[in-house]
Each structure stands twice: as C-alpha cells, then as structure tokens.
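Below is one structure, written out as structure tokens; comments come after it.
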C-alpha cells in the first residue's frame, strides 16, 4: 500500500467508500424484501430501480435461505455491517493516517 | 561531511531508538558521517530544549533529535513529549531565537539504522545549503535571556 | 537477556504494521486498550441479554410453557430480533477479550515492560486475567444446556478434593447442597457481580499510569467490532440440549479460551489440577523477579533550584513526583518530591525542567550540556 496520500491512495480510498456504500445498500435490501415492499420504488426513488432490480435475484435467494434458518437474515445484516465497517475503517485510515517518522519544526513568521 | 564553513551536527538519541552503538567512533562521531556526533539518553523525553539551544549556540550547525517510533516508548510518552516541546506545544519549549530549520526530529525503531543514516544525510545536505549558522558567527554578546539558563551548564 | 530476540521481533512486526497503516492506527500501540474496548462491548451486550434471561432450572414437567434458563436463552436466540447476534457478540467478545489480554501480556513481556516500577500493573494484571477467565466460565453455566450441567458437576467434584475449605466453597458455589433454582441465581450473580469488580481491579491496574491509553482510535474500534460481527455471522452459536438433572452427560465441546481448565480436569486428578493452577499463577506472579535487574537510580530534586512549577509532576509517566508545600525558607509555594519506588529513571522530568532542578544521579544534565557544547565546538 502507498505510504503517502498519492493518487493511488485516493483511488483506493474512493473504491473503499463505494464498497462501503454498496454494503449499506445491501443491508437495506433485506428489510425491503422482508417487508414485502413493491418491486418498483415510488416516484423520486425510481432512479434506484435499476440498482434494486439488480439485487432482486440475490434478495430472493436470501429469502429462500431465511425460510430454512430463521436467524439467517440477521446473520446477513451482521456480515454486511461488518464488511461495511471494515471498508469504513480502511477509508478512515487513508484519510487520517499521519506521517510520524520525521518532525520538521514550523519556521517562525 | 563537515566542511570549513559548517559546524558539527549533534544527534541527541534515545538509547532504545536507533541502535548506533556499532556506528560511532571513540569521539562519539558517526563513522559514515564524521560531522555528526551522537549523545545518548535513556529516553528521548529527557532531552531538554535548553540542550538544543546550547548546541546551536556553541556552534553546531544543526541538531537531530531521535526517539522511538511515535506511539511506542519504553517509558510510555517520552518521544511524544520532546516532539511536542520542540514544536512549542508543551512547556518548556525552544526559545524564539532558535533557527527552526536547524532542528529536526526522527522517530525510528532500534533496527532502522539505515533509515536513520539516510535521513541524517538528507538533513546534513539541507544544512549545507543553509550555510553557516548565524549563531556560529557570534553577534556581540549573545547573552542568554535573564533567568533562562543557570550558570551551572555554562562551563564546558 | 532471553526476551531480547522477542523484543526485536516485536519491533520488526510493529515497524511493518506502521508501514501499512501508519503508527497512528497501529493496534499494537493500543494493546492495553483492546481488551478494554471488548469489556465495554461485553457490558452492553450483557445488559441486553440480562433483560430477557431467567435464572431458573425448572424442568420437572415437559410442557410447551416451560420457562427456565435454557428456554429464556432459546427465546433470546430464536425469537427476539437480532437476539442471536447479541448473544453471539457477547460470546465472541469474551473470547476476543482473552485473546487481546494475552496479546497485551505477551507484548509487555517481550518488550520488558512488566518489572520494577511496573510491578503493580503486572500483579493486578495476573489477578484480572484469572478473574476474566473465571467470569467467562460462569457464563457457560448460565446457558443451562447439558454442557453447563457437566461443567457444574465437574466443578463440584474438583472443589470436593480441596481439604478443609472445599466443602464450604462448594456450598457457596451451588448456593446450597445441590443444584436448585437458587444455584442459577447465584451463577448469574457471580457472573455479573464479578464483572463489575473488574472495574475495581482495572482502577488498580491504571492508578499509577499517568494518562493511561484506554480507548483505541475509531479506525481500530471499527475493525474490532467488525471482526465480531463477521465471526458471529459465520460461526453461529447453538445451545446444546436442555440440561436434565437425571441425565449423565459425559462429553462436551471445549471453548479453548475459557474451558481449558475443564479439559485439564478430564485427565488430571483434582488435587493435581488445583496444584497446577496454583503453581501457574505463582509462576506468572514471580516472572518479574526471575530476571536479574539493575536497580533503578531514582531522579533527585535540587531543592534550591525548584520553583514549584509542577511541570515534572505533570509529565512523569508513573506518578512518581508529587508537589508538596515548599519549606518556609523557600521563595516558592511548592516543591517537587520524588517517590523513589515509583521512579523509572527515564528522565522525562529532566526534560520537563527549565531550571536544572531535577537530575538523574548517574547522568547530570549539566554534564550532558557540557558534553554537547564541547562536541559542537570540536
């Protein structure tokens, strides 16, 4: 991994944020499916319909698994929340990391 | 490395930080860089800003402060304390008259000797660009500010 | 010394992690705060479990409305939303706490930070580790499945083997002479009550540390918690069969973090088992004394120079300097005094003093300054 906040780090950071957002979105699909909400979201959320459609197959598979193990949905939430937190931590690391090997004193004004 | 118009570089180093034992000669100078001499402390937290000032006033062209990696300190907080002191974030700090460009802090673990030598080399090169220190060519009567420096430390 | 290669290996490892995540987020630099984080997780998740847990063992009649410890745990796991997650977090956070405590212990041992002026921390740490292991075991009784019953019986027969006090401890443990509803109430009390005495132990563990590091930065907290969530989801916890006092369970699944003493009991005579545990604890406590040690030469205050500014007392990492009222002859109000048995001779106080009023006896700051000057002039 890069030591400084160069372009590679920035791209990596961006990818991590996208991944974290994806994990959160996945976690949101579950209650949507479980609550039996319509497959086409209302008005302003229409734009997300495509995304939702893409996730639908996965949701159906999850619901099938949930019928055999009651706790399955909770474990799915747990996994995705965990993955999102790891992604978040990696992103935070790239934002907050500090070069501490050398201290240069600020010159007086 | 030390040429005629450039003074020595003093390294104040924690003995648990970079292991320079095999790299110094009997005069306390680095074998690779004869212009750089080394003074060891039990912990970098023991280094007084007054010592940095004393070195520069006595004609050193620069001072390297070297402690363990920030976050790790055998005695818990010494490296953070001297770092904050030279940055002016923790009393006692450096006097205003100290040339900030001539002081640098490195925070390295015991095995990082090569890293230290390259960092020190960079610093020495920077000092050579700066030229001789003003303090080395003494202005008339560079008297220490009253009360700042008791006489005990004045006699070499 | 024998830990030297281990120390170097630790430094190398940490150097690698620094390159990866920068020293600000290196978990090894928060090794003491890691178990502390998991302790807070255990308190919170335990509070949620406590809300639904019922400490009774009734199973005299087989009915759908049966209410006891096992059915309440089953209710938490299978009927409360996220109950299985909370239960899993509580179980695995306990395991994680033991892992991080061992990491903490190994690091202070490898880096030689457990002796002399740190002796209070080491001894209280051994006691805390023993407490944590015992509290974790009592957690396994509370589930009240066949493993719980077997562990309870093994504990009883092990206690029986202790002369004089064994019977008394057994009566305290069972809260009577046999397993009853009162036994479960006692198990719950031991589990929760001792958990809070951990806080008292931790106070002793921290009391000589100036500015102890108690909380890792958010990045590390995220990772610590995320690992729990993933393990909880991928290795779900299940209870065994409900305990039946008439049954004779003979085998059990071992949680290697907490139940290893019971594994020892499966092949050791109880008397040997207790001796082994006692010997292990004593060896841990005496570990700091096995190393030949150069005595610390504590810092000394030069009374005539001390202005009572208290910078040294503030910066001392081991609370070894106290400010006392200055003698009447002094121009100043306060005077620094060193408590020699707490001093590590690190010299941070020398660095904090702008008046040459405190010194390490074998390394006077005036000598160092003189050396620096002669080097600078030479």
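The values are calculated or read from the model by the stated rules, or taken from the named source; none is laboratory data. Note that this is a predicted model, so its numbers are computed, not measured. Ideal geometry is used to build each Cβ from the backbone, glycine not excepted, and the neighbour counts take in all protein chains shown.
I'd like the residue in the stretch C:304-318 that is touching a residue at least 40 places away in the same chain (Cβ under 8 Å) and touching a strand residue (DSSP E or B) at 6+ places or on another chain (Cβ under 7 Å) and, out of all such residues, is farthest from residue C:210 (Cα to Cα). That would be C:306.
When each of A:91, A:33, A:87, A:27 is tested for being closer than 19 Å to residue C:81 by Cα, surrounded by 13 or more Cβ atoms within 10 Å (Cβ to Cβ) and at pLDDT 65 or above, the lone residue that passes is A:27. With respect to residue C:169, is the statement that it is in a loop (DSSP other than H, G, I, E, B) and farther than 24 Å from residue B:71 by Cα true? Against the criterion (in a loop (DSSP other than H, G, I, E, B) and farther than 24 Å from residue B:71 by Cα), residue C:169 does not qualify.
In summary, residue C:100 fulfils each of the numbered conditions (1) away from chain B (no Cβ under 14 Å); (2) at pLDDT below 95; (3) crowded, with 17+ Cβ neighbours inside 10 Å; (4) in contact with a helix residue (DSSP H, G or I) (Cβ under 7 Å, 6 or more places away or on another chain) with the single exception of condition (2).
Test residue B:124 against the criterion of being under 17 Å from the mean Cα position of the chain (by Cα), surrounded by 13 or more Cβ atoms within 10 Å (Cβ to Cβ), at pLDDT 90 or above and part of a loop (DSSP other than H, G, I, E, B), and give yes or no. No.
Within the bounds of the stretch B:45-61, is there any residue that is more than 21 Å from residue C:374 (Cβ to Cβ) and in contact with a helix residue (DSSP H, G or I) (Cβ under 9 Å, 6 or more places away or on another chain)? Checking the stretch B:45-61: at least one residue is more than 21 Å from residue C:374 (Cβ to Cβ) and in contact with a helix residue (DSSP H, G or I) (Cβ under 9 Å, 6 or more places away or on another chain). Taken across the stretch C:319-327, residues that are in a strand (DSSP E or B), touching a residue at least 40 places away in the same chain (Cβ under 8 Å) and more than 7 Å from every other protein chain (Cβ to nearest Cβ) do not occur at all.
Counting the residues of the stretch B:69-108 that are more than 17 Å from the chain's Cα centre (by Cα) and within 22 Å of residue B:37 (Cβ to Cβ) gives 0. Against the criterion of being modelled with pLDDT under 90 and facing another protein chain (nearest Cβ under 7 Å), residue A:107 qualifies. Of the helices (runs of 4 or more DSSP H) lying entirely inside the stretch C:1-95, those containing at least 2 residues that are under 28 Å from residue C:213 (Cα atoms) and more than 10 Å from every other protein chain (Cβ to nearest Cβ) span C:4-21, C:33-52. Against the numbered list (1) surrounded by fewer than 20 Cβ atoms within 10 Å (Cβ to Cβ); (2) closer than 23 Å to residue B:52 by Cβ, residue C:331 comes up short only at (2). The residue that is nearest to residue C:111 (Cα to Cα), counting only those in the stretch C:15-30 that are surrounded by fewer than 21 Cβ atoms within 10 Å (Cβ to Cβ) and within 22 Å of the chain's Cα centre (by Cα), is C:28.
Counting the residues of the stretch C:328-354 that are within 25 Å of residue B:85 (Cβ to Cβ) and assigned to a loop (DSSP other than H, G, I, E, B) gives 10. For the stretch C:364-377, give me each residue that is over 11 Å from residue B:50 (Cβ atoms) and facing chain B (nearest Cβ under 7 Å). Correct list: C:370, C:371, C:373, C:374, C:375, C:376, C:377. None of C:224, C:194, C:198 is more than 14 Å from chain A (Cβ to nearest Cβ) and either assigned to a loop (DSSP other than H, G, I, E, B) or over 26 Å from residue C:70 (Cβ atoms) (or both) except C:198.
Checked against the criterion of being out of contact with any strand residue (DSSP E or B) (no Cβ under 6 Å at 6 or more places or on another chain), at pLDDT below 95 and either buried (at least 18 other Cβ atoms within 10 Å of the Cβ) or within 24 Å of residue C:270 (Cβ to Cβ) (or both), the candidates C:149, C:188, C:202 yield just one match: C:149.
Among all positions in the stretch C:123-139, there is no residue which is in contact (Cβ under 8 Å) with a residue 60 or more places away in the chain and within 14 Å of another protein chain (Cβ to nearest Cβ). Checking each residue in the stretch C:328-345 for being facing chain B (nearest Cβ under 10 Å) and touching a helix residue (DSSP H, G or I) at 6+ places or on another chain (Cβ under 6 Å) picks out only C:344. With the condition kept exactly as written, say whether any residue in the stretch C:223-242 is on the phi < 0 side of the Ramachandran plot, touching a strand residue (DSSP E or B) at 6+ places or on another chain (Cβ under 6 Å), crowded, with 16+ Cβ neighbours inside 10 Å and in contact (Cβ under 8 Å) with a residue 12 or more places away in the chain. For the stretch C:223-242, residues on the phi < 0 side of the Ramachandran plot, touching a strand residue (DSSP E or B) at 6+ places or on another chain (Cβ under 6 Å), crowded, with 16+ Cβ neighbours inside 10 Å and in contact (Cβ under 8 Å) with a residue 12 or more places away in the chain: present. I'd like the residue in the stretch B:127-156 that is touching a helix residue (DSSP H, G or I) at 6+ places or on another chain (Cβ under 6 Å) and facing another protein chain (nearest Cβ under 9 Å) and, out of all such residues, is modelled with the highest pLDDT. Selected residue: B:152.
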